């Protein structure tokens, strides 16, 4: 009889993280049931923006709770890419997930602050606040989809290069659709300031992700 060593990887911390994500989403739904109901109907209705967007309170407990879930869900998804493409980094760095969470949070926060500064500098705070509110809402909604993807990838489907890129493509498509609807809402402003819109698109919507990709690589 030949004995074969079997390596069993503990994913207790993954389970805890996913439970925290679920608790955060549940807490948001419990504390703000009407707002959550309008939020999850965003793909078929813009009632959420018509009602909640009137105040455009970005730093709202409801948004903060969902954003925490977004950070954890996205970080778990990014961690899978490291696990598949760079397993040696995963095995040698036990704090990799925390580093990903921190990096993603800083990236989003810095990008948010720069956009707010631009809004103040050009006296378009109302427009920028509305846009940031819409973008945050769409990203929080997509993070719910990523949360479901994580459940499949960690417990049901073996994550491979092909499967990860398929899931990533789905996320990119949904994110593109969300940006399209957001730009469509502000089409009159964009058409009147098309040159500045192109500059904004290149400087704050494309180049940050390119820099982030190069940094990770």
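Determine whether residue 171 is in contact with a helix residue (DSSP H, G or I) (Cβ under 8 Å, 6 or more places away or on another chain) and modelled with pLDDT of 85 or more.
Judged against the criteria, residue 171 is a match.
Condition first: farther than 17 Å from residue 134 by Cα and assigned to a helix (DSSP H, G or I). Now tell me which residues in segment 174-196 satisfy that.
191, 192, 194, 195, 196
Any residue in segment 36-59 that is under 22 Å from residue 26 (Cα atoms) sitting within a Cβ distance under 8 Å of a residue that is modelled with pLDDT of 80 or more and exposed (fewer than 14 other Cβ atoms within 10 Å of the Cβ)? List the pairs, counting only those 6 or more apart or interchain.
Once the first residue is under 22 Å from residue 26 (Cα atoms) and sits in segment 36-59, its partners that are modelled with pLDDT of 80 or more and exposed (fewer than 14 other Cβ atoms within 10 Å of the Cβ) give 47/41; 48/41.
Got a sec? Which of 132, 199, 144 is under 14 Å from the mean Cα position of the chain (by Cα) and more than 30 Å from residue 13 (Cα to Cα)?
Answer to the check: 132.
Can you tell me how many residues in segment 149-163 are closer than 18 Å to residue 17 by Cβ, touching a residue at least 24 places away in the same chain (Cβ under 8 Å) and either in a loop (DSSP other than H, G, I, E, B) or within 18 Å of the chain's Cα centre (by Cα) (or both)?
Result for segment 149-163: 5.
Would you call residue 134 closer than 17 Å to residue 18 by Cα and touching a residue at least 24 places away in the same chain (Cβ under 8 Å)?
no
Could you count how many residues in segment 41-63 are surrounded by 14 or more Cβ atoms within 10 Å (Cβ to Cβ) and either closer than 18 Å to residue 107 by Cα or at pLDDT below 90 (or both)?
Number satisfying all stated conditions: 11.
Take the conditions closer than 22 Å to residue 211 by Cβ and modelled with pLDDT under 90 and apply them to residue 105. Does it pass?
no
The values are calculated or read from the model by the stated rules, or taken from the named source; none is laboratory data. Remember, it's a predicted structure, so these values are computed and weren't measured experimentally. Note that we place each Cβ from the backbone using ideal geometry, even for glycine, and neighbour counts take in every protein chain shown.
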